[in-house]
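Read-outs: derived from the displayed coordinates by stated rules, not from any lab. Here the structure is a predicted model, which is why all the values come from computation and not from measurement. Neighbour counts are summed over all protein chains in view; Cβ atoms, including those assigned to glycine, are modelled from backbone coordinates with ideal geometry.
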Amino acid sequence: NWTTGNVIEEQVEAIRAQVGDKRAICGLSGGVDSAVAAALVQKAIGSQLTCVYVDHGLMRKGETEQVEKDFVAATGVQLKVVDAEERFLKALAGVTDPEEKRKIIGREFIRVFEQAQAEIIADEGPAVEFLVQGTLYPDVVESGGGTGAANIKSHHNVGGLPEDLEFKLIEPLRKLFKDEVRMVGQELGLPEEIVQRQPFPGPGLGIRIVGEVTKERLDLLREADAIAREELTAAGLDRDIWQCPVVLLADVRSVGVQGDGRTYGHPIVLRPVSSEDAMTADWSRLPYDVLARISTRITNEVRDVNRVVLDVTSKPPGTIEWE
Ligand code: XMP
């Protein structure tokens with residue numbers, strides 16, 4: 001019979017047998033799946049695992065710190081954090097086309113990850129033979145049940161990993177659904193904030209700024225997003241909504257009045273959705289008082305934002321993310 005305890009025991013044993021005295025690496029995205037996969041493998045092989053977290057500067061407020069502190073504290077995992085903000089911002093300079101942004105972010109991510117891999121391999125003794133992936137059962141089904149890096153969806157890991165990857169895969173979550181993964185994560189002692197995380201796209205805030213991505217705009221969007229998340233959490237709505245992208249329309253300006261002066265600022269879009277699987281979605285009917293609080297706080301606290309608008313489009317026709 002299925003218990004999280006059984007799953008963990010079974011996987012720990014299997015991973016130990018598979019890895020032996022070799023080493024493994026795992027890319028952490030900050031999301032639930034990679035976090036739980038890493039924690040499970042860590043439990044099995046301890047310091048034979050090194051995790052790599054690429055900070056592309058497109059993360060939300062507090063996210064990198066959450067991985068650095070909370071995740072390490074809960075698991076004791078060996079973590080290599082690569083600060084790649086400058087590199088990503090440079091690569092994104094002047095780019096406004098959404099698909100071009102995605103491609104650039106995916107490409108840079110792979111380069112940084114490969115570089116980190118090479119450094120780990122150079123630094124430490126025995127060969128790194130294994131790559132840990134947080135592949136879930138629905139991912140396996142979608143990709144035809146096969147194994148191997150070529151099957152990793154491009155959506156999954158910001159553009160996917162290279163096809164000529166010379167690693168054997170460890171995929172301890174292959175038989176599990178999302179809710180089961182969350183239970184396993186909880187049992188492994190991961191903090192609630194990681195286990196109950198809502199989906200967040202690999203390209204991060206880079207695809208939530210309509211227009212060019214710059215440091216100033218990212219900082220502004222990070223503030224607005226933090227306020228929206230704070231208020232949604234305070235209102236106890238986290239489990240009711242699937243996710244709530246907060247989008248900055250950086251290329252749009254409108255006239256406002258704040259204090260006793262005219263302003264000419266940018267709109268922020270709230271995109272709360274309910275969904276079962278992100279394939280289709282409906283816009284969430286959030287309570288007006290919660291929307292009002294978010295709006296008031298964002299326009300008061302975030303410089304250059306003088307308007308908050310609500311996206312009331314279902315998917316289809318709108319996608320969940322704006323880009
Ligand atoms: P869309 O915008 O296609 O999003 O309706 C569906 C779901 O996928 C997430 N999303 C991504 N997740 N890498 C990811 O890991 C990506 O490139 C990516 N793009 C969209 C989105 O947040 C939503 O949950």
For the range 250-300, give me the residue count where each residue is more than 14 Å from the ligand (Cβ to nearest atom), under 30 Å from Lys178 (Cα atoms) and in contact with an Asp or Glu (Cβ under 7 Å, 6 or more places away or on another chain). 3
In the range 301-323, anything away from the ligand (no atom under 16 Å from the Cβ) and under 15 Å from Pro245 (Cβ atoms) is listed as Val308, Val309, Leu310
The range 197-234, residues that are in a loop (DSSP other than H, G, I, E, B), surrounded by fewer than 22 Cβ atoms within 10 Å (Cβ to Cβ) and among the β-branched types (Val, Ile, Thr): Thr214
Identify, please: which residue in the range 235-269 is in contact with a helix residue (DSSP H, G or I) (Cβ under 8 Å, 6 or more places away or on another chain) and in a loop (DSSP other than H, G, I, E, B) and is, among those, farthest from Asn300 (Cα to Cα)? Ile241
If we keep only residues of the range 174-219 that are in contact with an Asp or Glu (Cβ under 6 Å, 6 or more places away or on another chain) and away from the ligand (no atom under 16 Å from the Cβ), then the residue farthest from Glu323 (Cα to Cα) is Pro191
For the range 248-263, does any single residue satisfy the condition of being touching a residue at least 60 places away in the same chain (Cβ under 8 Å) and surrounded by fewer than 21 Cβ atoms within 10 Å (Cβ to Cβ)? yes
Within the range 278-308, residues in contact with a helix residue (DSSP H, G or I) (Cβ under 9 Å, 6 or more places away or on another chain), of a type in the set (Lys, Arg) and either free of Cβ contacts under 8 Å to residues at least 40 places away in the same chain or in a loop (DSSP other than H, G, I, E, B) (or both) come out as Arg303
Working carefully through the options Lys90, Lys103, find the one that is in a helix (DSSP H, G or I), of a type in the set (Lys, Arg), within 16 Å of the ligand (Cβ to nearest atom) and out of contact with any helix residue (DSSP H, G or I) (no Cβ under 7 Å at 6 or more places or on another chain). Lys103
If you take the residues in the range 282-323 that are within 18 Å of Ala226 (Cβ to Cβ) and touching a strand residue (DSSP E or B) at 6+ places or on another chain (Cβ under 7 Å), which one is surrounded by the most Cβ atoms within 10 Å (Cβ to Cβ)? Ile294
Test: residue in the range 220-238 that is out of contact with any strand residue (DSSP E or B) (no Cβ under 9 Å at 6 or more places or on another chain), within 16 Å of the ligand (Cβ to nearest atom) and within 18 Å of Ile320 (Cα to Cα): yes
Residue under evaluation Leu58, criteria (1) touching a strand residue (DSSP E or B) at 6+ places or on another chain (Cβ under 6 Å); (2) crowded, with 23+ Cβ neighbours inside 10 Å; (3) not in a helix (DSSP H, G or I), criterion not met: (1)
